[in-house]
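Notes follow once the structure below has been shown.
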Amino acid sequence: MEVDSASPPPRKRLRTDAATAIHKPRLFAPFRALGLITNHVPFALQTRSYKGATDGPRVHILTCLGKAWALWEGGKMTLLFVGPDAPEQITSLALDGDAVWAASGPHAIKYIRGKPVSTLTNPLDTPISYIQTFGTALLALTEDGEHMLVWDTSDGELETSIQFERGFTATSILHPATYVNKVLVASSEGSLQLWNIKTKTLIQNFSLAKLTSSPESSDAPALGCAITALVQSPAIDVVGIGFTSGEISVYDVRLNGRLMRMFMEGGIRALGFRSDGHPILASASSAGHIALWDLNNGGRLLHMIRGAHDGAITAVEWVPGQPVLVTSGEDNSVKQWLFDSPTSAPRLLKFRSGHHAPPHLIRYYGDDGKQLLTASRDRSLRCTSVVRDSRSFELSQGSLAKKATSLSIPVASLKFPPINSISYSTTRSKDWDDILTAHTDETFARSWTMLNKRLGKHTFGFADSIKGKSKERLPLGSVKDICVTACGNFGLAGSSTGLIHMWNMQSGIKRKSYDVGPCPPEALARLRDGAKKRDRVITGLATDPLNRVVIASTLDGTLNFFDFQTTKLEHILILPSTAVSIEMHRDSGLVAITCDDVVIRVVDIETRRIVRELSGFRGRVLDMTFSADARWLVATSLDSTIRTFDLPTGRLIDAFKTSSVATSISFSPTGDFLATAHVDSVGVYLWANRAQYAEVSFQGITEEDIQDVSLPSMQGTAEDDALEALTVQDAPLDVFSTPPQLDGELITMTLLPRARWQTLLNLEVIQQRNKPKEPPKPIEKAPFFLPTLPGVETRFAPAEKETQQPKKTTKRLDKAAGSAESVFHKTLLEADPEGDYEGFFHQAKMLQPAALDLELRSLTSIESLNTFMCAIRRRLVTHRDFEAVETMMNVFLHLHADELIMNEELREELEELEKVQKKESQRVLELITSSLGTLGFVRDTL
């Protein structure tokens, strides 16, 4: 065993010459939010009947997503539209035909097919808390509850503004059926008022004492008597009223009398009357329960659905004419309940849900980047689809609903503790369990199967390995980290007492144990007060892709390397600080370690040394992830900043600050998206990688370049902005282009393949070798009608061969061919005799070897021969295209040697060319000899 306490390498210094501020997303552009279904704002329901439809009316459900809204199709709960972000949080929604109305701040915004078309603004400039359509009018209540506004939606003009008296704080509006221009207004004090919105007159005031059985007067209303639900019943003049105290009143508005009274624990949040002929009232409480009341029997309790939602229920509404109840809650879910018979208990028909607590751990599942495993404090493990929301689901933990019903306890109390670590391998996902999870304060790990979408067969615990080994019972620690090998056959778990066990994922049998041993002397000072030297908390586990090495990090700041087969501790790397967590990229063999000194250290498992130290964080590092090619390391910290480091250079190349802290991040295996989970949102946010679509400069940045970036929206204009950010720039910033020659004293080649110049030198040999031995014989054409010879037997007469006459060439074509000049020849004669003949040699390098050989043979005049030798000499002087110049000169002298000897006019230029060629060739030979000598010396020395 080796112990290495090597000093860390020097940290990379950030470049301080970074220039301008970042106005657009540099590397990651906001793209989309996943997992958002609804929030505390009640949904709006609409049914539509179409002529000739055989499947009944279509149901549309409108839910609020914060600043945006979503329209769902009720038949299959598929997403139809997602609206763009409003200026402020949406407080109320309404449907009016094809239009969607949303209240945001002091505005009421109208949308058609997901696009805003008009905006109505409160002249009082106060926020709007409630809106409702009323024919061609839109009714709205201000947040302070003092005013009711009436707009005409046809022209957008404010028709009426009604101010309520002091002591009446309006909360909701209801239009009683068959009442013309009259609405009921509910208040937080527990009283009702009937108003005529045309004449602005108060018709009737229903006091709290009349509506409820409480003896208090309206001057001193009881606590908890605010009206929280006001709905119309199928009977005319009868409405249902729900109070925060849990009391329900069925009230006749015309007779001004209460018909019946019910009570439900937890406070009423929503009411709904069944409209298909059965007198049943549904009520929902803030505890997540639904009660069904039989109105024919004086309001007798028919059924109680406990734990229908994991949070407060915000809306309850029956589908008109159908035995289907639609509910939504603050647990980020919309559910539909079906009643098979009038008196039977309802069953869950269909639903769409997400996390109802912010997810704290997310990891991409598989290699296609289409699924995300998300764990939340709501004690659930979900698979979130990146492609389609309808493919998202929660992995089943068993029949918890039946157990909760039999024990009369909430379902949430039976769920597993929150997950603190996830590991998986898809290699054997079709054969057995492929996911392993560790839970908070549990002494065993659990397996899951993605194929069956449920809990797996095995639990891997440490209790069995401790029993019966010694008289003194060893402490039983909780599981801190887990790891599934790349092959999918084995699962490892490390505990808070320093134990590491490995199990078979198929059978659940324990196979091996790894012992980290006592704490090294160099790390003893880091142990917490009162801790034993033996108690070493395992903070991270990882294995290489070939199952050769097991890597374990401990809280005392060591990185331990085990042999996978023999379980021998081979090496211990002492870190400068305690290790909190590790993340491994198996393909590259790099391990990133989060340390307590707010530094991420990257270790190479082959050399077992620290190769990079990444710093600059202003808070504790919460999570990190590698890119698919291990070139980048993305990390999030408590300072709400997500930083991206370039590992080859060790530089910070991108950083942006979000409005809330990102608790977990994960990079897509395909490299197209970065997924983040935040502390105050139940959704998962996707950021598009701009490096896949545009040329992005990877220069280092400083802390001054970090800017705030808004979180991605569900859909709409934010996606359009993201797509604009992904467009390729026509003029890339600061792109380095190689000059044609680095230095005038250096020899520059053409960078063309060597085979091109070899072919030009040996073109005659190649043509002779490829020359056919005999010309190809043409195939005789058979006539359409085959002639036959006379006789008893059928014999075909051979066709007479026609004598081919030689084609006559015209003198006009011969003259045109003789006077035509090639582009090669024109470029040569037009070049400057004192220049470098750049255009001519560029043209020559573009020609194929056979074409260049033909052009050199076409140089027949004295002028062209002299000019070509001048071009060769000038190019040798510039030290460029050396191998091309030598090759063309070789072919030229071979073709025109006789003309050069016979003509005295070419002698002077030929002698000048000889001098320059000898000088440059000798210079090149000296450089090559010197380089060879240097290489030989280095080789012999090392």
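Yes/no per residue for (1) more than 37 Å from the chain's Cα centre (by Cα); (2) surrounded by fewer than 18 Cβ atoms within 10 Å (Cβ to Cβ); (3) assigned to a loop (DSSP other than H, G, I, E, B):
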{"site": "Ala486", "(1), (2), (3)": "no, yes, yes"}
{"site": "Ser507", "(1), (2), (3)": "no, yes, yes"}
{"site": "Arg511", "(1), (2), (3)": "yes, yes, no"}
{"site": "Pro518", "(1), (2), (3)": "yes, yes, yes"}
{"site": "Asp556", "(1), (2), (3)": "no, no, yes"}
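Name the residues in segment 171-204 that are assigned to a loop (DSSP other than H, G, I, E, B), of a type in the set (S, T, N, Q) and more than 16 Å from Thr142 (Cα to Cα), would you? Reasoning before the result, please.
Start the filter on segment 171-204 by keeping residues that are assigned to a loop (DSSP other than H, G, I, E, B), which leaves 175-181, 188-191, 197-200.
Cutting the leftovers down to of a type in the set (S, T, N, Q) gives us 178, 181, 188, 191, 199.
Matches in segment 171-204: Thr178, Asn181, Ser191, Thr199.
Tell me, which helices (runs of 4 or more DSSP H) wholly within segment 829-885 include 2 or more residues that are surrounded by 16 or more Cβ atoms within 10 Å (Cβ to Cβ), in contact with a helix residue (DSSP H, G or I) (Cβ under 8 Å, 6 or more places away or on another chain) and among the polar types (S, T, N, Q)?
Values: elements: 838-846, 849-857, 862-877.
It comes to 862-877.
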Exercise. Take segment 541-562 and flag every residue that is under 20 Å from Ile482 (Cβ atoms) and not aliphatic (A, V, I, L, M).
Key: Thr543, Asp544, Pro545, Asn547, Arg548, Ser553, Thr554, Thr558, Asn560, Phe561, Phe562
Exercise. Report yes if some residue within segment 638-648 is touching a strand residue (DSSP E or B) at 6+ places or on another chain (Cβ under 9 Å), of a type in the set (D, E, K, R), closer than 30 Å to Glu570 by Cβ and crowded, with 20+ Cβ neighbours inside 10 Å; otherwise report no.
Key: no
Quiz item: Condition test on Gly366, is it at positive phi and in contact with a Ser or Thr (Cβ under 9 Å, 6 or more places away or on another chain)?
Solution: yes
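Return a yes/no flag: does segment 773-794 have any residue that is of a type in the set (Lys, Arg), surrounded by 10 or more Cβ atoms within 10 Å (Cβ to Cβ) and modelled with pLDDT of 70 or more.
Among the residues of segment 773-794, not one is of a type in the set (Lys, Arg), surrounded by 10 or more Cβ atoms within 10 Å (Cβ to Cβ) and modelled with pLDDT of 70 or more, which makes the answer no.
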Exercise. Any chance you could count how many residues in segment 247-296 are without any contact (Cβ under 8 Å) to a residue 24 or more places away in the chain and aliphatic (A, V, I, L, M)?
Key: 2
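Condition (residue is β-branched (Val, Ile, Thr), over 39 Å from the mean Cα position of the chain (by Cα) and farther than 26 Å from Arg352 by Cβ) applied to segment 107-119: is it met by at least one residue?
No, that holds for no residue.
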Self-check item: Selection status of Leu45, at pLDDT 90 or above, in contact with an Asp or Glu (Cβ under 8 Å, 6 or more places away or on another chain) and part of a strand (DSSP E or B)
Solution: yes
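Report those strands (runs of 3 or more DSSP E) wholly inside segment 260-351 carrying at least 3 residues which are closer than 27 Å to Ser49 by Cα and under 40 Å from the mean Cα position of the chain (by Cα). Even if it seems obvious, please write down each step before you answer.
Numbers: elements: 268-273, 280-285, 290-294, 300-305, 313-318, 324-329, 333-338.
Those strands (runs of 3 or more DSSP E) span 268-273, 313-318, 324-329, 333-338.
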Quiz prompt | Scope segment 400-457; condition among the aliphatic types (A, V, I, L, M) and part of a loop (DSSP other than H, G, I, E, B); matching residues | solution = Ile409, Met450, Leu451
Self-check item: When residues of segment 265-285 are limited to those that are modelled with pLDDT of 90 or more and farther than 19 Å from Pro320 by Cα, the one surrounded by the fewest Cβ atoms within 10 Å (Cβ to Cβ)
Solution: Ser285
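Output the number of residues of segment 50-72 satisfying the condition of being polar (S, T, N, Q) and at pLDDT below 80.
Kept after step one, since they are polar (S, T, N, Q), are these residues of segment 50-72: 54, 63.
After this cut, where a residue has to be at pLDDT below 80 as well, the list is 54.
Within segment 50-72, residues that are polar (S, T, N, Q) and at pLDDT below 80 number 1.
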Quiz item: Going through segment 575-609 one residue at a time, which ones are among the charged types (D, E, K, R), in contact (Cβ under 8 Å) with a residue 60 or more places away in the chain and surrounded by 19 or more Cβ atoms within 10 Å (Cβ to Cβ)?
Solution: Arg601, Arg608
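Just the residues that are more than 40 Å from the chain's Cα centre (by Cα) and not in a strand (DSSP E or B), please, taken from segment 120-152.
As a first pass, look at segment 120-152 and keep what is more than 40 Å from the chain's Cα centre (by Cα): 123-124, 134-137, 139, 144-152.
Hits for segment 120-152 are Pro123, Leu124, Gly135, Thr136, Asp144, Gly145, Glu146.
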Quiz item: How many residues are among the aromatic types (Phe, Trp, Tyr) and surrounded by 20 or more Cβ atoms within 10 Å (Cβ to Cβ) if we restrict to segment 354-395?
Solution: 2
Exercise. Please indicate, with yes or no, whether at least one residue in segment 131-143 is modelled with pLDDT of 90 or more, farther than 23 Å from Asn181 by Cα and hydroxyl-bearing (Ser, Thr, Tyr).
Key: no
Quiz prompt | Subset of segment 611-629 [basic (Lys, Arg) and in contact (Cβ under 8 Å) with a residue 60 or more places away in the chain] | solution = Arg612
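The values are calculated or read from the model by the stated rules, or taken from the named source; none is laboratory data. The model shown is predicted, which means the values in this text are computed figures rather than measured ones. When we count neighbours, we look across all protein chains shown, and the Cβ atoms used for this are built from the backbone with ideal geometry, even at glycine.
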